[in-house]
Amino acid sequence: MHNRYIKYFVFLLFTADLVLSAIFLKNDHRDIEKIFSLPALSKVAGQPGYIALTFDDGPDRKCTPLLLDGLKERGVHATFFLMGSNIEGKEDIVKRMSEEGHLIGNHSYEHIQLTKAGAEAVCEAVEHTQEQIEAITGKRPEYIRPPYGDWNEELEEEIGMTPVLWSLDSLDWKLKDTGKIIRQVLKDVKDGDIILMHDIFPSSVEAALELIDILQKEGYVFVTADELLIE
């Protein structure tokens, strides 16, 4: 009885080998890879894809901690582009961001159009914000989000940081209504999106956490912005 099972198992292996050989002869090796390869890191089987939530203009004393609480409860990491003028007195919030695994970037010192401020003034403002963040977290940010997305080659050469813009604007700064913000995002969201939000409005925090709940149920995975840029 035992030998009969062994023979049957060998027969199955032989049959499978014949089938694979036939497929290989009929198709090139790339088709075989498609059939048997595991999904790439940027794709997860059965899931729409990856999204990065990004928040500008913080930290805010009231809104940012509430957002951090919600992100922690959901096991989600986000990206925060901090404005230097808002950091003083909120160092504890910045430290918490870093300790909880969020990506911290530079949003300059004040919310002005960088291309119109002059390269020297911009460099000083960005560097000051860099120093503030590094003093708190021990890490020097690699990424910058210029206010209004205002950026050019000259600034990139002078500052030497990687600019991160966005592919989907939640318009939370304009709508200031949780339901409207959610609908604004859901109607256009797709795999690979970097979503622009702000952690200085209560409606934005509420909308962000509800969006996470909705999109996670649809299979989306939330990552930090650098993970999408690397991909």
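The values are calculated or read from the model by the stated rules, or taken from the named source; none is laboratory data. Remember, it's a predicted structure, so these values are computed and weren't measured experimentally. Cβ: placed from backbone, ideal geometry, glycine included. Neighbour counts: every protein chain shown.
Please find, among LEU211, LEU186, LEU196, the residue that is at pLDDT 95 or above, on the phi < 0 side of the Ramachandran plot and surrounded by fewer than 19 Cβ atoms within 10 Å (Cβ to Cβ). Let's see the steps before the verdict.
Working: LEU211 fails: surrounded by fewer than 19 Cβ atoms within 10 Å (Cβ to Cβ); LEU196 fails: surrounded by fewer than 19 Cβ atoms within 10 Å (Cβ to Cβ).
Answer to the check: LEU186.
Scan segment 142-194 for residues that are touching a strand residue (DSSP E or B) at 6+ places or on another chain (Cβ under 7 Å) and under 19 Å from GLU110 (Cα atoms) and the total you get is 13.
Mind telling me which of the residues TRP151, TRP173, TRP166 ends up being in contact with a Pro (Cβ under 8 Å, 6 or more places away or on another chain) and under 30 Å from GLU120 (Cβ atoms)? Steps first, please.
Values: TRP173 fails: in contact with a Pro (Cβ under 8 Å, 6 or more places away or on another chain); TRP166 fails: in contact with a Pro (Cβ under 8 Å, 6 or more places away or on another chain).
Result: TRP151 is the single residue among TRP151, TRP173, TRP166 that is in contact with a Pro (Cβ under 8 Å, 6 or more places away or on another chain) and under 30 Å from GLU120 (Cβ atoms).
Among the residues of segment 90-146, what is the count of those that are among the basic types (Lys, Arg) and closer than 23 Å to TRP173 by Cα? Total satisfying the criteria: 3. Residues that are closer than 16 Å to GLY58 by Cα and over 14 Å from the mean Cα position of the chain (by Cα) within segment 177-197 are absent altogether.
Tell me, which residue of segment 70-95 that is touching a Leu at 6+ places or on another chain (Cβ under 6 Å) and not hydrophobic (A, V, I, L, M, F, W, C) is surrounded by the most Cβ atoms within 10 Å (Cβ to Cβ)? Taking the candidates together, the pick is THR79. Looking only at segment 181-193, decide whether some residue is among the small types (Gly, Ala, Ser), in contact with a Phe, Trp or Tyr (Cβ under 9 Å, 6 or more places away or on another chain) and under 25 Å from LYS90 (Cα atoms). No, segment 181-193 has no match at all. Looking only at residues of segment 216-231 that are among the β-branched types (Val, Ile, Thr) and surrounded by 12 or more Cβ atoms within 10 Å (Cβ to Cβ), we find that the one that is farthest from the chain's Cα centre (by Cα) is VAL221. Taking helices (runs of 4 or more DSSP H) as the structural unit, those lying wholly within segment 72-170 and holding at least 2 residues that are acidic (Asp, Glu) and in contact (Cβ under 8 Å) with a residue 24 or more places away in the chain correspond to 153-159.
Are there any pairs with C-beta distances below 7 angstrom linking a residue in segment 186-209 that is in a helix (DSSP H, G or I) to a residue that is among the hydrophobic types (A, V, I, L, M, F, W, C) and buried (at least 24 other Cβ atoms within 10 Å of the Cβ), with the two at least 6 apart or on different chains, and if so which? Once the first residue is in a helix (DSSP H, G or I) and sits in segment 186-209, its partners that are among the hydrophobic types (A, V, I, L, M, F, W, C) and buried (at least 24 other Cβ atoms within 10 Å of the Cβ) give SER203/ILE181; SER204/ILE181; SER204/MET197; VAL205/LEU67; ALA207/ILE181; ALA208/LEU53; ALA208/LEU67; ALA208/MET197.
Can you confirm whether ASN86 is farther than 22 Å from GLU206 by Cβ and either of a type in the set (Ser, Thr, Tyr) or out of contact with any Lys or Arg (no Cβ under 7 Å at 6 or more places or on another chain) (or both)? Considered against the rule, which asks whether it is farther than 22 Å from GLU206 by Cβ and either of a type in the set (Ser, Thr, Tyr) or out of contact with any Lys or Arg (no Cβ under 7 Å at 6 or more places or on another chain) (or both), ASN86 comes out as no.
Scanning segment 81-108 for residues that are out of contact with any strand residue (DSSP E or B) (no Cβ under 7 Å at 6 or more places or on another chain) and either among the hydrophobic types (A, V, I, L, M, F, W, C) or modelled with pLDDT under 95 (or both) yields MET83, ILE87, ILE93.
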